[in-house]
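Student: Dumping the structure here so I can ask a few things about it.
The values are calculated or read from the model by the stated rules, or taken from the named source; none is laboratory data. The structure displayed is predicted, hence computed values, not measured ones. Virtual Cβ from ideal backbone geometry, glycine too; neighbours counted across all protein chains shown. All accessible areas refer to the heavy atoms of the entire protein, side chains included, with ligands and DNA or RNA removed. Shrake-Rupley method; radii C 1.70, N 1.55, O 1.52, S 1.80 Å.
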Amino acid sequence: MTHADTEKRLCGQAPHDPPQVAITLHVNGIVHTLQVDARVTLLDALRDHLGLTGAKKGCDQGACGACTVLVDGKRVVACLGLAAQYQEREITTIEGLSVDGRLHPMQAAFVKHDAFQCGYCTPGQIMSAVCLIEEGRAETEEDICEFMSGNICRCGAYPNIRAAIREVKEES
Ligand code: FES
Ligand code: FES
């Protein structure tokens, strides 16, 4: 029995499990039906329930961008929303970017430009960068700096990240 359960018994409350809900998530083209704690975040649902550990948990507060995924083609920090809010939406994680085993051009550019050191921020950087170009916000170096500012790289790989984005932008 947990400390919290003991406290509830002492207060006359029966311990109980957190409420569970059945949710359906569309991730990388596959439909998943899950039974989860109603409070589970999209990030935890992806990582802990679907085994998609590409999206990383950095701050868990919406401040670092490590957990960035695409929802209906828009970038979203997966740590800030409840999984139940994203039912019937098309979710894409870093695992869903490559096609037939071929890296997405942004993934290939990150490798080519050595745009990482530890790699922890990299999936979020790549998802954000893919969307940045779709948004038409990669026109200048300043734009790239500004509109990638939600993705923190503690290793300071920013110049190489920007070089990768510029190359994909020029070739698109
Ligand atoms: Fe989601 Fe940092 S883990 S923004
Ligand atoms: Fe280490 Fe970005 S490569 S945090």
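Student: Among all helices in the chain defined by DSSP H, which have a length of 15 Å or more along the axis from Cα atoms plus a Kyte-Doolittle mean of at least -1.0?
Tutor: Numbers: long enough: 122-134 (18 Å, 0.98); 158-171 (20 Å, -0.93).
Qualifying helices: 122-134, 158-171.
Student: Mind checking the per residue accessible area of the chain for me, 1.4 Å probe, whole number of Å²? Write out the running numbers ahead of the final one.
Tutor: On the way: 9400 Å² over 172 residues.
Value returned for the chain: 55 Å² of accessible area per residue.
Student: For the chain, set up a Gaussian network in which alpha carbons nearer than 10 Å are linked by springs, and say which option among Ala66, Ala138, Ala78 fluctuates the most.
Tutor: Ala138
Student: Sticking with this structure for a sec: Carbon and sulfur together cover what percent of the accessible area of the stretch 25-172 at a 1.4 Å probe radius? All intermediate terms of the calculation are to be shown ahead of the outcome.
Tutor: Values: 3630 of 7430 Å².
Whole-percent figure for carbon plus sulfur exposure: 49.
Student: Here is a follow-up. Quickly work out the Gln20-to-Asp72 label distance, labels modelled 7 Å from Cα along the C-beta direction, and quote it in nm with one decimal.
Tutor: Distance between the two pseudo-spin positions: 3.0 nm.
Student: For the chain, compute the number of Lys pairs whose alpha carbons are separated by less than 27 Å, excluding pairs fewer than 8 positions apart on the same chain.
Tutor: Numbers: Lys56/Lys74; Lys56/Lys112; Lys56/Lys169; Lys57/Lys74; Lys57/Lys112; Lys74/Lys112; Lys74/Lys169; Lys112/Lys169.
Step by step, the pairs that qualify in the chain add up to 8.
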